[in-house]
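Structure first, commentary second.
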Amino acid sequence: MSTSPATAPSTAATAQLSVEDDGSALTFTAYGRPIATYTYKPSNHQYESPRPFFHPLTTIGGDEVTISRPWDHVWHKGLSWALPNVGPHNFWGGATYTRSTEYANLDNNGAMTHESFTGIEQSGAAITASESLTWTSQEGTPVITENRRFSIQLLDADAGSATSGAYAILFETRMVNISGADIRIGSPTTEGRDNAGYGGLFWRGPRSFTGGEFRSQDGVGADDFMGTRSPWVAFTGKHDGTCRSSTIAFVEDSSNPGAPNQWFARSSIFACLGSAPFFSAEVPLREGSPLTYRYAVVVADGAVDAERAASLAAAAESALHSWR
């Protein structure tokens, strides 16, 4: 199947966004500049739980907002769907935290393997890819099949609007248990480690974003956003070199199991933000009962005040609802 964008009407909006496939990664370009690369055939060591990921992600204006393989956590990969406690398996990377071992290298690092793209379609100022993946144990045993969709969508480009200079990555995962036994998905927190409920759609920001500011409908803050619940949360950081600001915003689909779920949010150690639907309680993944989660991640030039943050979240929520 060709991964070139489908032929679309010749409009300005269509010409703004394109995609290329080099056989291991999709690169999305807006206004002639690469803004997102999705590596679907990674070459990482098994210890890093190889999986598809977005990196680099840049703003429309050209500032990079992700980091991949940072020296402190080499298994952090830009923006990716990653889960540390999937029954006995680790699909996050690195050491695994359990009640009996605390952090230990358990030789349980699985992999999310790309099988195929079942469709790549362009419609207006958006490109949507549909992907089939198989999750396997470290020994290669199939554990989960996943049907994944993601869409790169340009938001309102009108000069002066609250959503100008922004785009959204819409993300959907449908996980099916094929292991032959029930699986409980949790986190280090469900295993007893306080405030370590990571696992879900996870973003790691540049070093210069350390000390940045979180914002939700409830106000602003920093590490105190860890474990909070809200329909959306945004993070603003500053870039070395350009000294400009950029903003990342996560919006959760209200139909997700448990929504609004908790957020995993850090600013002072390093900048990261992630959906965390398994933060403080395990969620069963039973045979014949798939789990589906959807999110929108906004990448925007500039900082945000309460009004612009809410406008970006509303635009992403609307795009997510229409796409769903």
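For residue 35, the residues 5 or more places off, or on other chains, whose built amide H falls under 5 Å of its own are 28, 29, 30.
With all protein chains in place and ligands, DNA and RNA left out, the 1.4 Å accessible area ranks 175, 226 as 226, 175, largest first.
Under 1.5 on a/c is rounded, so check that first for the chain, then, if it is not, pick prolate when a/b is larger than b/c and oblate when it is not; a ≥ b ≥ c are the square roots of the alpha carbon gyration tensor eigenvalues.
The shape class here is oblate.
So what is the 222 nm mean residue ellipticity for the chain from helices alone, if each DSSP H run of at least 4 adds -39500 (n - 2.57) and you divide by all residues, rounding to the nearest 500 deg cm²/dmol? Let's see the in-between values first.
Values: 2 runs with 22 residues, N = 324.
Helices in the chain give a 222 nm mean residue ellipticity of -2000 deg cm²/dmol.
With every protein chain in place and a 1.4 angstrom probe, the accessible-area ranking of 238, 77, largest first, reads 238, 77.
Protein heavy-atom surface of region 131-275, 1.4 angstrom probe: 46% of the accessible area is carbon and sulfur, with nucleic acids and ligands not counted.
Taking amide H atoms as placed 1.01 Å from N in the peptide plane, the amide H of residue 17 lies under 5 Å from those of 31, each 5 or more residues away in sequence or on another chain. Sorted on the mean count of surrounding Cβ atoms within 10 Å across their residues, most packed first, peptides 25-33, 246-254, 200-208, 288-296 read 246-254, 200-208, 288-296, 25-33. From the alpha carbon centroid of region 270-324 to that of region 211-256 is 11 Å.
If only the Cβ of Lys and Arg carry +1 and only the Cβ of Asp and Glu carry -1, the dipole of region 191-303 around its Cα centre is close to 260 debye. Considering only alpha-carbon pairs that sit under 8 angstrom and 6 or more positions apart, the relative contact order computed for the chain is 16 percent. Rounded to the nearest 20, the size of the Cβ-charge dipole of the chain about its Cα centre is 100 debye, with Lys and Arg at +1 and Asp and Glu at -1. Residues in region 72-81 carry Karplus couplings, in order, of 7, 8, 5, 7, 6, 10, x, 10, 8, 8 Hz; the curve used is 6.51 cos²θ - 1.76 cosθ + 1.60 with θ = phi - 60°, and Gly or Pro positions show x.
A dipole drawn for region 74-231 from +1 and -1 charges on Cβ atoms has a positive end, and of 100, 81, 183 the residue lying farthest that way is 100. Taking 20 Å as the cut-off, the amide N atoms of region 35-51 that come nearer than this to a point 7 Å along the Cα-to-beta-carbon line of residue 105 belong to 43-51.
Charging the Cβ of each Asp and Glu at -1 and of each Lys and Arg at +1, and nothing else, the dipole of region 115-156 about its Cα centre rounds to 40 debye. Computed from the Cβ-Cβ distance with R0 of 30 Å, the FRET efficiency linking residue 41 to residue 217 stands at 0.20.
Taking label positions 7 Å along the Cα-Cβ direction at both residue 18 and residue 289, the computed distance is 4.8 nm, reported to one decimal. Applying the Karplus relation 6.51 cos²θ - 1.76 cosθ + 1.60 with θ = phi - 60° to region 245-252 yields 3J(HN,Hα) values of 9, 9, 10, 10, 10, 9, 10, 9 Hz, where x marks Gly and Pro. Taking every protein chain into account, the accessible area of region 218-324 amounts to 39 square angstrom per residue (probe 1.4 Å).
Looking only at region 75-93, which residues have a backbone nitrogen under 20 Å from a spot 7 Å from the Cα of residue 269 in the C-beta direction? Residues 75-86, 90-93 fall inside that zone.
Computed extension length for residue 141-residue 281: 47.8 nm, one decimal, from 0.36 nm per residue of separation with the Cα-Cα distance subtracted.
The 3J(HN,Hα) values that the Karplus relation (6.51, -1.76, 1.60; θ = phi - 60°) gives for region 115-124 are, in residue order, 9, 5, 8, 8, x, 9, 10, 10, 9, x Hz. Gly and Pro appear as x.
The values are calculated or read from the model by the stated rules, or taken from the named source; none is laboratory data. Because the structure is predicted, anything quoted here is derived from the model rather than measured. In this analysis, Cβ positions are derived from the backbone assuming ideal geometry, glycine residues included, and neighbour counts consider all displayed protein chains. Ligands, DNA and RNA are excluded from the accessible area calculation, which covers all protein heavy atoms including side chains. Shrake-Rupley method; radii C 1.70, N 1.55, O 1.52, S 1.80 Å.
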